[in-house]
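Undergrad: Let me begin by handing over the structure; questions about it come next.
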Amino acid sequence: MIWLKARRAHTALPAGLLALFALVLLVQDSEMVLPSLLSGLQGTPILLTAPVVITTALIFCLNSRLPSAEISGTRRVAALDVALTATYLLVVTVGCMALGELLSSTEAVAVGRNSAFLVGLALCARPWAGEAATFVPVAWVVAVLVLGFRPTGDPYPWTVTPEPVGAPHAAVAAVLVLVAGLAALYSTSRKMP
């Protein structure tokens with residue numbers, strides 16, 4: 001299908017998946033010690049940064065386009081983009097759940113939820129930020145690392161990504177932000193430069 005080739009989905013998305021799964025296998029539940037403005041030195045799971053790989057691959061894919069053909073064409077490009085994004089996130093989530101079970105890693109399971117949240121943020125920013133929307137999830141992760149933890153080491157609820165797998169507010173936030181991002185993608189897909 002020409003649309004998939006134009007989006008480079010056949011190369012960018014599998015590369016993103018392989019990079020993510022390799023990262024999950026390599027680091028599992030390892031932590032890095034980083035300075036935080038509110039809690040001093042903080043042990044943070046390395047996998048907190050892993051969804052950036054997915055968001056980068058997906059935004060690159062969605063920004064790879066043939067604008068003149070998409071504007072004048074009869075294909076439902078917006079619906080195809082939403083379906084591609086949803087399918088990709090489903091594969092990411094199921095893959096991370098499977099790896100989490102295999103490795104007994106709760107952090108690996110949380111990568112699926114965090115990927116959905118950060119992709120939603122990037123898609124919400126994409127209409128006004130364009131290709132720079134890739135940096136929105138990076139900025140979120142940095143903000144969480146620097147400002148997201150109480151002095152006791154417990155993450156603030158607004159952070160979403162470092163919350164435990166079973167945190168209902170984090171799951172609801174991920175779903176709401178993803179739905180908002182998919183709506184933004186659907187409404188602006190043909191209008192993007």
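Undergrad: In the list V179, V165, V146, which residue meets the criterion of being in a loop (DSSP other than H, G, I, E, B), open to solvent by 20 Å² or more (accessible area, probe 1.4 Å) and in contact (Cβ under 8 Å) with a residue 12 or more places away in the chain?
TA: Step by step, each of V179, V165, V146 is checked, and only V165 is in a loop (DSSP other than H, G, I, E, B), open to solvent by 20 Å² or more (accessible area, probe 1.4 Å) and in contact (Cβ under 8 Å) with a residue 12 or more places away in the chain.
Undergrad: May I pose another question? Among the residues of the stretch 1-26, how many are open to solvent by 80 Å² or more (accessible area, probe 1.4 Å) and either part of a helix (DSSP H, G or I) or modelled with pLDDT under 75 (or both)?
TA: Number of matching residues: 7.
Undergrad: Which of the residues belonging to the stretch 182-193 are surrounded by fewer than 20 Cβ atoms within 10 Å (Cβ to Cβ) and either small (G, A, S) or at pLDDT 90 or above (or both)?
TA: A183, A184, Y186, S187
Undergrad: Inspect the stretch 105-126 for any residue being at positive phi, modelled with pLDDT under 90 and in a helix (DSSP H, G or I) and give the result as yes or no.
TA: No.
Undergrad: On to the next question. Which ones in the stretch 27-48 are outside any strand (DSSP E or B) and either modelled with pLDDT of 90 or more or open to solvent by less than 40 Å² (accessible area, probe 1.4 Å) (or both)?
TA: Selection gives V27, S39, L47, L48.
The values are calculated or read from the model by the stated rules, or taken from the named source; none is laboratory data. None of the values given here were measured: they were computed from a predicted structure. Neighbour counts are summed over all protein chains in view; Cβ atoms, including those assigned to glycine, are modelled from backbone coordinates with ideal geometry. Ligands, DNA and RNA are stripped out before the accessible areas are found, and what is left, the full protein with its side chains, is counted by its heavy atoms. Shrake-Rupley method; radii C 1.70, N 1.55, O 1.52, S 1.80 Å.
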